[in-house]
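The structure appears below as structure tokens.
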Amino acid sequence: MKIAVVGTGYVGLVTGTCLAETGNTVTCVDIDEKKVAKLEGGKITIYEPGLEKLFDRNLKEDRLLFTTNLAEGIKDAEIIFLALPTPPGEDGSADLKYVLGVAHDIGKLLTDYKVIVDKSTVPVGTAEKVHAAVAANYKGEFDVVSNPEFLREGVAVEDFMKPDRVVIGTTSERAKKVLTELYAPYVRQGNPIIFMDERSAELTKYAANSFLATKISFMNEIAQLCERLGADVDMVRRGIGSDERIGKRFLFPGIGYGGSCFPKDVQALVHSSGQADYDFQILNAVMEVNERQKRHLVTKVEQYFDGSLQGRRFAVWGLAFKPNTDDIREAPALEIIESLLERGATISAFDPEAINNVRSVLGDKIRYAETQYEALEGADALIIATEWNEFRTPDFDKIIASLKEPVIFDGRNLFEVQQMFEKGFHYESIGRPLIQLPKIA
Ligand SMILES: NC(=O)c1ccc[n+]([C@@H]2O[C@H](COP(=O)([O-])OP(=O)(O)OC[C@H]3O[C@@H](n4cnc5c(N)ncnc54)[C@H](O)[C@@H]3O)[C@@H](O)[C@H]2O)c1
């Protein structure tokens, strides 16, 4: 099939590349000229495991094309995907200006039937708005479908190629047929394509992200209780996770959720609820808990250093909002760094993939290390903010030799508490017992 994908960011580039991988010809459209030039020149613009290989192959085989010209991009396409940003507006609602702007432009360009598929995360009722925006300029036949994207950054290629489920919101039989054919190669193992109406599909995406965010905030509250009551959150997590109704995944406490989706989507659902005269109480608490949790690690650091961080130097391992991505949008690590800087500390940071993105935000406010060990040199303590695999079994002797004091604040619970005590570390993690060493002056 011939496909256009409008918006070539994390979702658009993965979608376009993975659709090309099964033999479709995909033209990705983006207004960012630099990005398009880079992609056309064979340089990938995001880090996502496994993506580069597919990108190279499909680019070489002319199944993956890039343009800044919307008219050219959609001319021959049977399906037009919208993978455009929906950032939070000032009131927390999802800003639809990109989606509706492009829909309006598409309306001016259509000459025959096409299926316009919304992959952006958008509030209930957006498919109708997109339909109206296109119809304002095009009187022929077309369909607008809601097809929310559930891929997880870090495993996006795998998620796209073998999705748990594909949700398609449409009442049009014609659109259903086109999309069933398109997705057939991705659901060969029997995972379902779930058809529903547009509004339910739009709400499904918000419900999924909000539920996952709720799980995280819930576990962060349990972790807070563990710290106060002398329980171990790892044990509690295992104890409850083996109940199938609860499930093992997404029960890890930490330094709060971040990323480009959870914070904005929870906020947007609260806003939509308010507009529908409904007070979504749980989600208000989820957001509050998350804000508190993001400050938790800095509070621990401050308490350890007797309330003053002036002149202290910290090594930070991990900047991306989660491992296996270079995405730093709403990354808790950045909030931790900003709060340490405000308290007069200096930072030396390392991340395997996100340094360039962080440099464009923080500039020379912090130092960037080439390796995880270089970041440690002369630091008062190590702070772990992202659970990259390479941090899981580090050379502890090297850490001890490089730090001024063997002190680690671990926001991701990477190491065993007892083992760290035996190695001579003052080791603080989230929701687990603190074995006190005699304090270093
Ligand atoms: N990132 C994720 O993990 C994820 C997962 C599921 C759903 N989503 C949703 O998908 C949507 C896109 O997210 P993303 O992370 O890919 O965003 P992104 O910011 O990485 O990418 C958006 C792209 O759209 C381009 N763009 C903006 N205006 C344009 C226009 N008028 N014409 C063409 N291109 C334009 C931007 O230049 C950018 O490259 C959002 O609604 C998001 O909530 C994201």
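What the table shows:
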read-out: Answer from Glu78, Glu90 - the residue that is away from the ligand (no atom under 11 Å from the Cβ), touching a helix residue (DSSP H, G or I) at 6+ places or on another chain (Cβ under 9 Å) and either in contact (Cβ under 8 Å) with a residue 12 or more places away in the chain or not polar (S, T, N, Q) (or both); value: Glu78
read-out: Residue list for segment 103-131, restricted to those being under 17 Å from Glu198 (Cα atoms), out of contact with any Leu (no Cβ under 9 Å at 6 or more places or on another chain) and not in a loop (DSSP other than H, G, I, E, B); value: Ala127, Glu128, His131
read-out: Near pairs, Cβ below 7 angstrom, 6+ apart or cross-chain, from segment 99-122 (in contact (Cβ under 8 Å) with a residue 24 or more places away in the chain) to any residue that is within 12 Å of the ligand (Cβ to nearest atom) and of a type in the set (Lys, Arg); value: Thr121/Lys205
read-out: Top-ranked residue of segment 420-432 - restricted to ones that are outside any loop (DSSP other than H, G, I, E, B) and touching a strand residue (DSSP E or B) at 6+ places or on another chain (Cβ under 9 Å), ranked as nearest to Leu229 (Cα to Cα); value: Glu428
read-out: Tabulated pairs, segment 355-382, first under 18 Å from Asp327 (Cβ atoms), second in a helix (DSSP H, G or I), C-beta under 8 angstrom, 6+ apart or interchain; value: Val358/Leu334; Val361/Leu334; Leu362/Leu334; Leu362/Ile337; Tyr368/Ile355; Tyr368/Val358; Tyr368/Arg359
read-out: Near pairs, Cβ below 7 angstrom, 6+ apart or cross-chain, from segment 47-66 (closer than 15 Å to Ala156 by Cβ) to any residue that is of a type in the set (S, T, N, Q); value: Tyr47/Thr325; Glu48/Thr325; Pro49/Asn324; Leu51/Thr17; Leu54/Thr17; Phe55/Thr17
read-out: Within segment 188-277, helices (runs of 4 or more DSSP H) holding 1 or more residues that are modelled with pLDDT of 95 or more and in contact with a strand residue (DSSP E or B) (Cβ under 7 Å, 6 or more places away or on another chain); value: 198-229, 262-275
read-out: Helices (runs of 4 or more DSSP H) fully within segment 311-417 counting 2 or more residues that are farther than 22 Å from His296 by Cα and β-branched (Val, Ile, Thr); value: 355-362, 396-402
read-out: Qualifying positions in segment 152-171 - within 14 Å of the ligand (Cβ to nearest atom) and either closer than 13 Å to Gly50 by Cα or assigned to a helix (DSSP H, G or I) (or both); value: Glu153, Gly154, Val155, Ala156, Val157, Glu158, Asp159, Phe160
read-out: Residue among Thr68, Thr22, Thr8 that is surrounded by fewer than 19 Cβ atoms within 10 Å (Cβ to Cβ) and either basic (Lys, Arg) or within 10 Å of the ligand (Cβ to nearest atom) (or both); value: Thr68
read-out: Test: residue in segment 248-265 that is closer than 19 Å to Phe409 by Cβ and surrounded by fewer than 23 Cβ atoms within 10 Å (Cβ to Cβ); value: yes
read-out: Meets criteria (on the phi < 0 side of the Ramachandran plot, within 10 Å of the ligand (Cβ to nearest atom) and in a helix (DSSP H, G or I)) for Val99; value: yes
read-out: Boolean, Glu370 is of a type in the set (D, E, K, R) and closer than 24 Å to Lys264 by Cβ; value: no
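The values are calculated or read from the model by the stated rules, or taken from the named source; none is laboratory data. Since the structure is predicted, the reported quantities are computational estimates derived from the model, not experimental observations. Cβ sites come from the backbone with ideal geometry, for glycine too, and all protein chains shown count toward neighbours.
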